[in-house]
Each structure stands twice: as C-alpha cells, then as structure tokens.
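The values are calculated or read from the model by the stated rules, or taken from the named source; none is laboratory data. Keep in mind that what you see is a predicted model, and the values were worked out from it rather than measured. Backbone-built Cβ (ideal geometry, glycine too); neighbour counts: all protein chains shown. Ligands, DNA and RNA are stripped out before the accessible areas are found, and what is left, the full protein with its side chains, is counted by its heavy atoms. Shrake-Rupley method; radii C 1.70, N 1.55, O 1.52, S 1.80 Å.
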Amino acid sequence: MTSKTGICGAKTKDGVCMNAPVQGKARCRLHGGLSTGAKTPEGRRRISEANVAAWAERNRLIELARSLEQAAS
Ligand SMILES: [Zn+2]
C-alpha cells in the first residue's frame, strides 16, 4: 500500500497525519518512514496478523458492549 496523496495519511487520534512522507516512502518520519523494521514478508505478515488479531478483539468487545447496552434498554 503506497500513498500517492503527498501526505503521510497515517491514522492519528486527531484524524489523519498531514505530514509529508519521507522521500520514497508512504509515511512521514513519525509514522515509520524512517523505520527499517519489518522488511521481510515474514515480518510483515506477522505484524499484519497481530493487527488483525487486535482489531478482532476490539470488535468483539464493541459487539459485547453493544449487546449489553441493548439488553439493558
Ligand atoms: Zn505521519
């Protein structure tokens, strides 16, 4: 996934990062543009899986909270 918008575009607590990406990279220096980690397919896959698992857990908790809310009303 590469950005062609000319901005970093990383998600932040305030929305989207508007910093310019590091040259040749999709992200600004604050969001991994200078990082040398996770270059291998294996490393990238591991991070991707960790992110998916984190989101799945978060969604599960949100669904749980929703169902409890509905049960209470
Ligand atoms: Zn950024």
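Heavy-atom accessible area per residue, the stretch 18-73, 1.4 Å probe: how many Å²?
With the other protein chains kept in place, the stretch 18-73 gives 86 Å² per residue.
Roughly what would the spin-label model give for residue 34 and residue 69, points 7 Å off Cα along C-beta, in nm?
Label at residue 34, label at residue 69, 4.1 nm between them.
Can you tell me the 0 to 90 degree angle between the C-alpha axis of helix 41-72 and the longest principal axis of the chain, rounded to 10?
Compared with the principal axis, the helix lies near 30 degrees.
Under a 1.4 angstrom probe, counting protein chains only, how are 13, 39 ranked by accessible area, largest first?
Largest accessible area first, the residues go 13, 39.
For the chain, which whole percent of the accessible surface, found with a 1.4 angstrom probe, sits on carbon and sulfur atoms?
57
Pairs of Cα atoms under 8 Å, at least six residues apart: use those to get the relative contact order of the chain, whole percent. Mind dumping the intermediate values first?
Working: 52 pairs, mean separation 12.5, N = 73.
Relative contact order of the chain: 17 percent.
Per residue, how much space in cubic angstrom lies within the convex hull of the C-alpha atoms of the chain?
Per residue, the Cα convex hull of the chain comes to 116 Å³.
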